[in-house]
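The values are calculated or read from the model by the stated rules, or taken from the named source; none is laboratory data. Source: prediction; values computed, not measured. FYI the Cβ positions are ideal-geometry reconstructions off the backbone, even for glycines, and counts take in every protein chain you see.
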Amino acid sequence: MNLDFSPEQQRMRDAARRFLAERCTPAAVRKVFEGEESYDKGLWRELAELGYLGIAIPEEFGGSGGGYLELCVIAEELGRVLAPVPVASSTYLAAEFLKVGGSPAQQAAYLPKLASGALIGTFAMAEAAGEPVAGTLRARVDGGRLTGTKTAVADGDTADFAIVAAGGAGAPAASLYIVDLHGAGVARRPLATIDPSRSFAELTFRAAPAEPLGVGGDGERVLARVLDGAAVLMAFEQLGGADFALEAACAYAKERWAFGRPIGSNQAIKHMLADMYVSATLARSNCYYGAWALSTGAEALGEAAASARISATQAFQHCARNNIQVHGGSGFTWAVDCHLYYRRSNLLALALGGLAPWEDRLVDTLRRRSAATEH
Amino acid sequence: MNLDFSPEQQRMRDAARRFLAERCTPAAVRKVFEGEESYDKGLWRELAELGYLGIAIPEEFGGSGGGYLELCVIAEELGRVLAPVPVASSTYLAAEFLKVGGSPAQQAAYLPKLASGALIGTFAMAEAAGEPVAGTLRARVDGGRLTGTKTAVADGDTADFAIVAAGGAGAPAASLYIVDLHGAGVARRPLATIDPSRSFAELTFRAAPAEPLGVGGDGERVLARVLDGAAVLMAFEQLGGADFALEAACAYAKERWAFGRPIGSNQAIKHMLADMYVSATLARSNCYYGAWALSTGAEALGEAAASARISATQAFQHCARNNIQVHGGSGFTWAVDCHLYYRRSNLLALALGGLAPWEDRLVDTLRRRSAATEH
Amino acid sequence: MDFEDSPAEAEFRNLARRWMDANAPKQFETALRQAGFGELNLGGIDVLDASKSWQRRKAAAGWACPHWPREYGGSGLTPIQQVIWQQEEGVYGRLATPFIVGHGMCGPTLMSHASEDDRRRYLPPLAAGEEIWCQLFSEPGAGSDLAGISTRASAVADGWVISGQKVWTSFAQISDFGLLLARTDPSVPKHRGLTMFYIDMHAPGVEVRPIKQANGQSGFNEVFFTDVRIKDQQRLGAVGAGWHVALTTLMNERLAIGSGMTTGFEAIFNWCCSLERSGARVFDDRAVRSRLATWAARSSGLRYTASRAITALSRGTTPGPENSIGKLVAGSTMQEIAEFALGLAGPLGVVSDPVGAVDGGRFQAMLLRAPATRLEGGTDEILRNIISERVLGLPPDIRVDKDIPFNRIPTRSA
Amino acid sequence: MDFEDSPAEAEFRNLARRWMDANAPKQFETALRQAGFGELNLGGIDVLDASKSWQRRKAAAGWACPHWPREYGGSGLTPIQQVIWQQEEGVYGRLATPFIVGHGMCGPTLMSHASEDDRRRYLPPLAAGEEIWCQLFSEPGAGSDLAGISTRASAVADGWVISGQKVWTSFAQISDFGLLLARTDPSVPKHRGLTMFYIDMHAPGVEVRPIKQANGQSGFNEVFFTDVRIKDQQRLGAVGAGWHVALTTLMNERLAIGSGMTTGFEAIFNWCCSLERSGARVFDDRAVRSRLATWAARSSGLRYTASRAITALSRGTTPGPENSIGKLVAGSTMQEIAEFALGLAGPLGVVSDPVGAVDGGRFQAMLLRAPATRLEGGTDEILRNIISERVLGLPPDIRVDKDIPFNRIPTRSA
């Protein structure tokens, strides 16, 4: 029984934390937040150089041959500092789609460039309000050409290519395609969001060339597997954010005095912080289980990913929301960083679908397991 | 604009409170709770003598010719003291079914005896776990004979007759019948519940004579109207219970000392009590609106009843639950009354169906109103 | 119980309605109705101009602060008439936003504590929107602990000199006057060394700087005072009685903020009625219905709590601290609703772009504004303290700074 | 990260499993598995007899408190071996309920604070279930404020005389010995005047009375002491050091209570999977699914928090106050689940009758027991204080009784 990271992984975390504390300061985040650039290009390059982008990509494809556990470690640290870079889109999603569903040729073509940061990939599925569901998608591929509109595409304004979920004549409910976003028939419109430190766009495809991912035909399996994995990784980002918000709130509660004493000596504040700690702790434990399931390819991945996703979403929203409350009025100013975490917590809560589809995934996988145990 | 009881109604409340404080003490409640009798027969007689049981029954049928507002006043007071008498079954339900749906002959036969307390009526619908729904009932009336089983019938062990919802060959989804529980083909089995201060039974009918309520055929309309009214009245009982639990918790918080000061000087306790006050206040306001809607026959009754039901259920459960928490260990003893309120709060939460059907009723009525406003 | 007007009330309502029919700036109706948490957009017309113009027209006809006495710019309406007037003014009342602090808080304070001369001088233009007032209470070091303010008023021969900084001052940038709470004696326990003044916002040494809020808007300001000289006539109440005067103002603040609070329920309900998700009606989802029902009951509970307060008012009872529940409930409910709405929208929920966001970005703006509602005009925690102490009669918090001179209260761990 | 045993661990697990296969009282398995919040029913067999018999058999083979040193009745297992043993003992571990206070709290306290002679005398029979121990801490006037106890231990020539009353003592009625916290000096501040003793529960002057609980069961007792004479050898730790000794015991109590807590999730999930309501599968109701998912994530969060604590233990870290979250989360979750289950059952939910109640009355029993879980062994409020102060490092509550002699601490408003 061992549900913790290894000493080596912990050293990697310490190194990543030191690097990011210096390199990805609130001032750096605010540069992207205020619109100076779409993402922090310098930081992106350095993350690639440190090998973080390729950490879960096999060495034969230019990765550093670590594994998912190492990527979880990095994800948590990126989440702590609200790193304004397209890691989720490119590393947790695009690269994973290629690893899980791509043909050897596609893997050879894309993975090395994703590992080196030379290419940025993303994933596009949602078309309208509500959770996107295979079978209701209106984007269509006919004769190798994609037509349709995808909205709320993370990094859609800067990504080089996208994995796009679409239907097609005689095709299964959802198939996955690789689409070059610099190619013909692609129009991008940047979208303002609740968290400008990450960029989003609407993508309109008009007969844009689209290449099936892998042999095609198992889009739904690939989709489920990659989204589960991304949920675990995103949960680590959320965990990092939750922990940071909790720490910031504790620090302020100790340092701010009112009524002749630290505000953190009031039970109203103390118990609010205790409840935040409880949320963050439950999330951490579920995240670790998710990391284990992802790294071992365990059958429990669906259940583990959904638990991690749900509790990390709740924890980050809870901690970020109450961090403002503990800070009082100053927490509602532009100058203080509380709102950056509040915004990010709500962005990440929706980035892979809101809670509803993950709730469904959790109870459905639990039910299947319980039925299997009985028979 | 006047959303309060009249001075006269308030005097009636004061009188009822004085009477019940003396007559319906915790010791009296515990007699029924401990099983000495099924309900407090002496109190029942006195309530009848005071005219409370017939307060909303027209004078021509032996009532005192007051109205629903007066009955709401009494209901709140009965709820405060956990009165162990079949008022809900007999007065809010059976008498109302007769008033709303009964034929003149039925009204003349039953209402005077319900007003005088000589007869106890009840209502029987549920047959299995889950909310009973017209159209899925298995109890059937054929040729004037009822066959089937009804469960969780409040006062089913002592009531003289029941209004029974049942299906029938060629009949609408649910029709209502009057069944003499002393008659042939009726078997009763008392059921232990979470709150022994009220009695419940399972009723089994084997070709028991059953007389249609009124002309029949509009069972669903009558059912909806009577349940709405009963929900308002029951909400006042819940409100009374919530207020009492809140007051008991406040009194204890002021009187119990720890760490050299009253426990009520701790924010953890103060804020818990403030939140209980908020719940009880929201419930009171919704209850008053419900009382207005019931007393004026307003079209908004469905919406008002559901709001009152939902917020009073939440308030009573919230206040009773936290009253134990404020009392600490002593609150979990048999000897201290906290658990009587906790039990009752959970009993009343289910007595007219749990929250789910009332949530549905509320959003459906709101939607109909909003659609009507638009067109 | 009765939701109908009495004959006299009906007659008054008719009067108000007829006047509104003839005078309301109907060109703004749609914009006012749709205004959420974004800035009000009147299609190119300056909002302050529109506000002042509407207030001027009301004043001319006696509808500006009509519940105030005639000699102070009002029409001497009863509380119930005032409620009826507000109902009839309806959505146009939102145009009075720039005057809300003056009308709701400064006015009542002047009425109670200013000299008769000052009342006749200042109240009528305040009512008419000709002069705008703000409230200078909170400081960077004194929010919930308001009595801990440090802005100094030092006595000089001909009056007082003010130095210090205020914060969270709504409308300071457009205000002509401000109600100022200052410390006149730091050597006595904190509640006893305060005095209330009013101040000319155009006086030398007053500097206003807008605060950029977390949601990008700037509804509040910092105000700096550098040796601002004021006369002793500008004092409201006795020297050292400032805390008592401030409590009048604050109770009026909580009433004003509490009464008009939206929970956002109507917006989420209407949106859910129309929304489809993956081909299914969102309204049929039982998880959605259950949340909607809870919020519906909470909203109607607040609405009828206000009705009960009006009833009490009409019976001659002064509304008390129990009105704190309005903001307490509405603030957190709004935050829940906004988070829930974004969740319903799925991935598209993050988009706040007016073009492309669900329901015009209403819920995204609500999400970003909601944290402030749980802080401004008394945090959730302060409101719970008020309810528990002043309504339920529970003991106060232990006060370590109670009998200590202000300048010796600990401010940081040693 | 690894959920698999190391080869050595696997070997040890095999050993434990083989012994269990050969020795477990399988006739009780079904009853133990179904036991909820009702009293355990072993079909006519006395539960204490069955418990003692199983404990005796384990002791004979070295499986009674196997993580204790051999000389005190254990087998010197490592923490991880102890966890493996508990996993293999599984549901049969519930038979050890009468010994839980002795094994989990009294034993460790004796181990740290008793003389070597006493350890050798008392620990082996405690481990083997031959002698049962209870913990005599709480009093009617001192629950959360445990250091406020009044039971007096007065020094006499040959030892001490005990007078006073304890309350909430589990298993006192079957105990042979008890760990007693008493006040030896009321004239010093409260934490400094306490001393820990152990006491013979059969001594003259000790009277045990069961407390009837709100749910009708009697799991706790009052214990009265009337001039009970004990020897000075029965003192554990120095005179005046009782608070320090008690803290050891309490931290062990919270660990013991926290680790095994059920949230009731498994019960509600299984029930929802099978339930139909008005012809529709309850499991398909999105309101139900949403609640189930939240509880599932909370339960797995607690489960893996325990796994992380075991991991830390195996790396040589002592579990700390962060383990308070187990009971804090499980207690209120259980209460939510019970209320929700009754709601799903509709009107039938009120029925607790074993014949006729849904799922055998499991959730009704849970509802009536749940309030106690939020109080026993540290209220929710005390646990939040522990987490905020001892894990997060926030300042303690203001203490008005801190430096006051115990007998001068205010106890009631004047």
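Determine, yes or no, whether residue A:298 is at the interface with another protein chain (Cβ under 9 Å from one of its Cβ atoms), outside any helix (DSSP H, G or I) and free of Cβ contacts under 8 Å to residues at least 40 places away in the same chain.
Against the criterion (at the interface with another protein chain (Cβ under 9 Å from one of its Cβ atoms), outside any helix (DSSP H, G or I) and free of Cβ contacts under 8 Å to residues at least 40 places away in the same chain), residue A:298 qualifies.
From the list B:319, B:338, which one is more than 23 Å from residue B:154 (Cα to Cα) and out of contact with any strand residue (DSSP E or B) (no Cβ under 8 Å at 6 or more places or on another chain)?
B:319
Kindly indicate whether residue A:54 is part of a loop (DSSP other than H, G, I, E, B), away from chain C (no Cβ under 14 Å), closer than 27 Å to residue A:287 by Cα and at pLDDT 95 or above.
Yes, satisfied.
If I ask for residues that are closer than 28 Å to residue A:338 by Cβ, of a type outside the set (A, V, I, L, M, F, W, C) and in a loop (DSSP other than H, G, I, E, B), which ones from the range A:157-208 would you list?
A:157, A:158, A:195, A:196, A:197, A:198, A:199
Restricting to the range C:75-91, give me the number of residues that are within 20 Å of residue C:128 (Cβ to Cβ), out of contact with any His (no Cβ under 6 Å at 6 or more places or on another chain) and either exposed (fewer than 15 other Cβ atoms within 10 Å of the Cβ) or not charged (D, E, K, R) (or both).
Total satisfying the criteria: 5.
Please specify each residue of the range A:324-365 satisfying the condition of being hydrophobic (A, V, I, L, M, F, W, C), more than 24 Å from the chain's Cα centre (by Cα) and closer than 24 Å to residue C:340 by Cβ.
Within the range A:324-365, A:326, A:332 meet the criteria.
As an exercise: evaluate residue D:329 against (1) in a loop (DSSP other than H, G, I, E, B); (2) away from chain B (no Cβ under 11 Å) and give the number of the one condition it does not meet.
All conditions are met except number (1).
Please list, ordered by first then second residue, the pairs with beta carbon atoms under 9 Å, 6 or more apart or interchain, first in the range D:352-380 and without any contact (Cβ under 8 Å) to a residue 60 or more places away in the chain and under 20 Å from residue B:322 (Cβ atoms), second assigned to a loop (DSSP other than H, G, I, E, B) and among the aliphatic types (A, V, I, L, M).
Pairs that qualify, where the first residue is without any contact (Cβ under 8 Å) to a residue 60 or more places away in the chain and under 20 Å from residue B:322 (Cβ atoms) and the partner is assigned to a loop (DSSP other than H, G, I, E, B) and among the aliphatic types (A, V, I, L, M), are D:367/B:194.
If a residue must be of a type in the set (Val, Ile, Thr) and under 22 Å from the mean Cα position of the chain (by Cα), how many such residues does the range C:381-400 contain?
Number satisfying all stated conditions: 4.
Please go through the range B:274-295 and pick out each residue that is of a type outside the set (A, V, I, L, M, F, W, C) and either within 7 Å of another protein chain (Cβ to nearest Cβ) or under 30 Å from residue A:273 (Cβ atoms) (or both).
B:275, B:277, B:279, B:281, B:285, B:286, B:288, B:289, B:295, listed by residue number.
Check residue B:279 against each of (1) touching a residue at least 24 places away in the same chain (Cβ under 8 Å); (2) farther than 21 Å from residue B:240 by Cβ and name the one condition it does not meet.
The single condition residue B:279 does not satisfy is (2).
Among B:93, B:119, B:98, which is the only one that is crowded, with 23+ Cβ neighbours inside 10 Å, out of contact with any strand residue (DSSP E or B) (no Cβ under 6 Å at 6 or more places or on another chain) and in contact (Cβ under 8 Å) with a residue 12 or more places away in the chain?
B:98
Listed residues D:155, D:127; which is within 21 Å of residue D:406 (Cα to Cα), out of contact with any strand residue (DSSP E or B) (no Cβ under 6 Å at 6 or more places or on another chain) and either away from chain B (no Cβ under 14 Å) or β-branched (Val, Ile, Thr) (or both)?
After ruling out the rest, the residue left standing is D:155.
Just to check your reading of the model, which residue among A:147, A:91 is more than 18 Å from residue A:225 (Cα to Cα) and either in contact with a Phe, Trp or Tyr (Cβ under 9 Å, 6 or more places away or on another chain) or not in a strand (DSSP E or B) (or both)?
Every option except A:147 fails the conditions.
Out of (1) within 14 Å of chain D (Cβ to nearest Cβ); (2) crowded, with 23+ Cβ neighbours inside 10 Å; (3) hydrophobic (A, V, I, L, M, F, W, C), the odd one out for residue B:87 is which?
It is condition (1) that residue B:87 fails.
Suppose we filter C:232, C:145, C:200 for residues that are in contact (Cβ under 8 Å) with a residue 60 or more places away in the chain and either touching an Asp or Glu at 6+ places or on another chain (Cβ under 9 Å) or under 26 Å from residue C:111 (Cβ atoms) (or both); which single one remains?
C:232
Just to be sure, is residue C:375 of a type outside the set (Lys, Arg), touching a Phe, Trp or Tyr at 6+ places or on another chain (Cβ under 8 Å), outside any helix (DSSP H, G or I) and within 8 Å of chain A (Cβ to nearest Cβ)?
Here the answer is yes, as residue C:375 does meet what is asked.
Under 20 Å from residue A:30 (Cα atoms) and within 8 Å of another protein chain (Cβ to nearest Cβ), is that true of residue A:310?
Here the answer is no, as residue A:310 does not meet what is asked.
Just to be sure I understand the filter: pairs with C-beta atoms under 8 Å, separated by 6 or more residues or on different chains, first member in the range A:262-273 and within 9 Å of chain D (Cβ to nearest Cβ) and closer than 17 Å to residue C:386 by Cβ, second member of a type in the set (D, E, K, R) and surrounded by fewer than 23 Cβ atoms within 10 Å (Cβ to Cβ). Which pairs pass?
A:266/C:397; A:267/D:397
If only one of A:140, A:198, A:206, A:189 is surrounded by fewer than 22 Cβ atoms within 10 Å (Cβ to Cβ), of a type in the set (D, E, K, R) and within 20 Å of residue A:97 (Cβ to Cβ), which one is it?
A:140
Hey, among the residues in the range C:184-212 that are among the charged types (D, E, K, R) and surrounded by fewer than 23 Cβ atoms within 10 Å (Cβ to Cβ), which one's nearest to the other protein chains (Cβ to nearest Cβ)?
My answer is C:212.
Does the range A:143-150 contain any residue that is within 14 Å of chain C (Cβ to nearest Cβ) and either in contact with a Gly (Cβ under 7 Å, 6 or more places away or on another chain) or more than 19 Å from residue A:198 (Cβ to Cβ) (or both)?
yes
Step by step: first the residues of the range C:262-312, then only those that are more than 7 Å from every other protein chain (Cβ to nearest Cβ), crowded, with 19+ Cβ neighbours inside 10 Å and part of a loop (DSSP other than H, G, I, E, B), then the one that is nearest to the chain's Cα centre (by Cα). Which residue is that?
C:263
Which of the following residues is buried (at least 24 other Cβ atoms within 10 Å of the Cβ) and of a type outside the set (Ser, Thr, Tyr): A:283, A:298, A:356?
Residue meeting the stated conditions: A:283.
Can you tell me which residue within the range A:6-23, out of those that are under 28 Å from residue A:195 (Cβ atoms) and in contact (Cβ under 8 Å) with a residue 60 or more places away in the chain, is surrounded by the fewest Cβ atoms within 10 Å (Cβ to Cβ)?
My answer is A:21.
Would you check which residues across the range A:179-218 are away from chain C (no Cβ under 12 Å), among the aliphatic types (A, V, I, L, M) and within 27 Å of residue C:353 (Cβ to Cβ) and list them?
Across the range A:179-218, the qualifying residues are A:179, A:181, A:184, A:186, A:187, A:203, A:207, A:208, A:210.
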